[in-house]
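*Asks:* Below you will find the structure I want to go over with you.
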Amino acid sequence: MDVRVAVGKPAEEIVRVAREDAVDLIVMGTHGHTGLHYMLLGSTAETVFRTAPCPVFMLQSNAGGAL
């Protein structure tokens, strides 16, 4: 297992590492925010999904907050 810590904007860092390491798949959780919350804060998962160099598998959390 390879562990990394990166500083910066989460979506940009996830995509950067995926490109540098020729990642085959990104798996990430999403809160599924919509409406005003989404417009004000943006969506890390959505940005990764749009810009990643590989497929992105997103899991939406349930009402209890666990994936």
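*Asks:* Go through 49-57, 13-21 and give me the packing order, highest mean Cβ count within 10 Å leading.
*Replies:* Ranked by mean Cβ neighbours within 10 Å, highest first: 13-21, 49-57.
*Asks:* Okay, next question. With every protein chain left in place and a probe of 1.4 Å, what is the accessible surface of L59, to the nearest 10 Å²?
*Replies:* The value for L59 is about 70 Å².
*Asks:* Another question, then. Please give, to one decimal in nm, the separation of the simple spin-label points placed at L59 and D24, each 7 Å out from Cα toward the Cβ.
*Replies:* Roughly 1.9 nm, to one decimal.
*Asks:* Modelling each spin label as a point 7 Å along the Cα-to-Cβ direction, I'd like the R16/R50 distance in nm, to one decimal.
*Replies:* Placing both labels 7 Å beyond Cα along the Cβ direction yields 1.9 nm.
The values are calculated or read from the model by the stated rules, or taken from the named source; none is laboratory data. Small disclaimer: the values here were computed from a predicted structure and weren't measured. So basically every Cβ, Gly included, is an ideal-geometry build from the backbone, and we count neighbours across all protein chains shown. SASA here: full protein model, heavy atoms, side chains in, ligands and nucleic acids out. Shrake-Rupley method; radii C 1.70, N 1.55, O 1.52, S 1.80 Å.
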